[in-house]
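Below is one structure, written out as structure tokens; comments come after it.
Laboratory data are not the source of any read-out in this text; all were calculated from the coordinates shown. Nothing here was measured: the structure is a model prediction, and the numbers come from that model. FYI the Cβ positions are ideal-geometry reconstructions off the backbone, even for glycines, and counts take in every protein chain you see.
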Amino acid sequence: MKRAFHLLSLLLTIIVLHISFHATSYACQQATTKTNKKLLKTTIADAREDYYDLKYTKLSIAMNNTNTNIAGSVDYNAVVSNALMNEYVFELMSTLQIDSIFVNNQLCTYTRNGNVVSVPLSSALTAGTFFTTKIVYHGAPTSGTGFFSAGINTIASPSWGNKVTYTMSASYHGFEWFPCKQSLKDKIDSSSVWIIVPDTLKAGSNGLLNKVTSLPNNLKRYEWSTKYPIDYYLISASVANYVDYSYYMHFDNSTDSMLIQNYVYNNPATLPNFKAVIDSTGLMINQLSNLFGRYPFSQEKYGHCMAPLSGGMEHQTMTTLGFFSGTLVVHELGHQWFGDYVTCDNWGDIWLNEGFASYVEQLFVNKFYTPAIAFNYRTAVHNRVMQQAGGTVFCNDTTDENRIYDSRLTYDKGAAVLHMLRYLAPKDSLFFAGIKNYLSAHAFSTATTGDLKAALSTAYQKNLDTFFNQWVYGEGYPTYSAEWNQQINGSNYDFVIKLNQTTSMPSSVAAFNLPLPVLLRSPQGDTLLYLPFNTATATYNWPTNTFTKTISSVEIDPSNWIVNKTGPIIKNTALAISNLVNQTLQIVPNPTKDFWQISHVSVGTQLQLTDLNGKLLWNEIATSEEIQIPAKNLVPGMYVLTVRDANASQQSIQIVKE
């Protein structure tokens, strides 16, 4: 889901790709972050709803585009999952009228307690028992105004004038338009949505349109169905005077094609205005399929239904969308992997949906635009994160939908966390391999933050607990500053740098533990260092055999991998270059595949090998002038060799495993 209220001045068009690109900002209410306690809300209203597992649902409803009147029935097939089930319990807004309820084709009595409906069973059902239900209902719910206001809305587009009735169930609003069980964990194995509308209208929904049936009284029934598992809040219906603009896209290295179906306002100016972006949707699907695996619902379709939204909602296989822009379309498309295919296990983990979809925007911009534009896009995201000092990516208050969908924390900081996780990958391909493993392990199911951490930890062969504790569950960001000095004596180029960090929320994270990219500018060629840094201050010395160039300036995090502010970076000629090991070490080969051979080592010297997070991997005191450091089982990437002699002098040297 994405709420975008303002189009910034950046508007670019790629003629060949026909992709329009709008940098968007969010207008989510910024709720005060609650750090003293967690306010958690379960999605189900009654624990007895978890006594059964949903297998199939069929919605048969009548709607129009002039009001929210809805009438029809909902059928469920389910299996008892509790040891014993005496009542069938579901949710339906109290203002919607129930005409009848059937369980296993038997008419039943029921009681209502607010929005919870309880149906006593004539005999208790035991675990594993299959049963069916039908709820016949009708009513006219009050229309909402868009996101988080009502499950069903009838609104005229302020831009195009077309009137639409559409559903919006996220996060807790499904029961406001159809009888349901609002459980994220209980995905419905398959579903059908049949919508009866006046024959001047069209009705869009999930999956494939199997048939349009003409009915008496100038009505038509649009019969949609999907064979893929679907969460309650992703079931949708949109009704308006639409035109169907559809085409087929093709996947790379395959003869397979897939339908892209779009219900666009029947306004002569609407489709021409958005056609270029709509035509580019296939390119986006192909790009994300190459990154994350084949589009998860490729046997059906992807598409859009227009509705008067200030953004979009990722209804499975058919996003409800207010307008078409490159980053908005690709954001909602990204949700088909992150949110629909794999859904957050609870609303506290909503960043797994929205952070990924927001990061997909950056991947899209990086693919189809220049590196400079991608850098500026990422910088804008990081700057929004740092507009306030605190707040966690993990949502600690799931009672407040404005906090669940907080643009700064859930969307922007979530995306920034993913970019930093990519930075931590020993090599870039392992980030995407880890994400693919995360997706495949939780396909058509739900996942937690811990599941993502486990997948990437396995891919990286690295413990990521500290990172997640600081960046997902902790608050704040660092500000880095530095002093540096270089002494040039003939052919000797000694170099020293002193790093400092403060944090915006020291009560949460006193010092962030990340390898810090430091770029040394030189007329003889730049050098990029990755310095392990997990304290308030640290000093790094390099002996004469490491640098043979004059340093003109220093930059911290030049590619903007890390959410951070930069303080003063100054050359301080008073900064002493001391405590250097008085040894001329030779390290070959570097990079290596199997081992590093260290020569000219003084007996008694301590050598330690750490990764860029500071984790100790190897430790030895020299008993001869030559030592081998094993590398065969290490993950490819950068490592730090720290050398301490008998006088406690030390130096750090970067070495590389291929």
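Using the alpha-carbon atoms, what tilt in degrees (0 to 90, nearest 10) does helix 270-292 show relative to the longest principal axis of the chain? With both axes taken from Cα atoms, the answer is about 60 degrees. Taken over segment 586-657, the percentage of Cα pairs per 5 Å bin, counting from 0 up to the bin with the maximum distance, is 4, 17, 31, 27, 15, 5, 1.
Charged side chains reduced to their Cβ positions (Lys and Arg at +1, Asp and Glu at -1) give the chain a dipole of some 580 debye around its Cα centre.
The alpha carbons of segment 478-571 occupy a box of 48, 22, 19 Å along the principal axes, longest dimension given first. Assuming charge only on the beta carbon of Lys and Arg (+1) and of Asp and Glu (-1), the dipole of segment 381-442 about its Cα centre is about 300 debye to the nearest 20.
Toward the positive end of the charge dipole of the chain, with +1 on the Cβ of Lys and Arg and -1 on the Cβ of Asp and Glu, the farthest Cα among N67, A416, F147 is that of N67. Each Cα pair under 8 Å and six or more residues apart adds its separation to the average, and for segment 478-571 the resulting relative contact order is 38 percent. Evaluated on the chain, the Kirkwood hydrodynamic radius is 27.5 Å, with distances taken between all distinct Cα atoms. Reducing segment 595-658 and segment 437-490 to their Cα centroids gives an inter-centroid distance of 24 Å. Approximating the spin labels as points 7 Å out from Cα along Cα→Cβ, the A83-to-A124 distance works out to 0.9 nm.
For D412, D611, the sequence from fewest to most other C-beta atoms within 10 Å is D611, D412.
As a quick test, which of the pairs K58/K227; K2/K55; K427/K453 have an alpha carbon distance above 22 angstrom in this structure? Violating the 22 Å Cα-Cα cut-off are K2/K55. Taking all Cα pairs closer than 8 Å and separated by 6 or more residues, the relative contact order of the chain comes to 10 percent.
Taking a straight line from the alpha carbon of K163, these aspartates and glutamates sit under 16 Å away, with near neighbours fewer than eight places off in the same chain left out: D199. For segment 164-321, the relative contact order is 23 percent, taking Cα pairs closer than 8 Å that sit 6 or more residues apart in sequence and dividing their mean separation by the residue count. Listed cross-link partners K549/K593; K565/K593; K436/K462 are compared with a 25 Å cut-off, the Cα-Cα value being larger for K549/K593; K565/K593.
Within segment 478-571, antiparallel bridges make up roughly 85 percent of the DSSP beta bridges whose residues both belong there. For segment 176-212 and segment 124-147, write down the distance between their C-alpha centroids in whole Å. With segment 176-212 and segment 124-147 each reduced to a Cα centre, they are spaced 13 Å.
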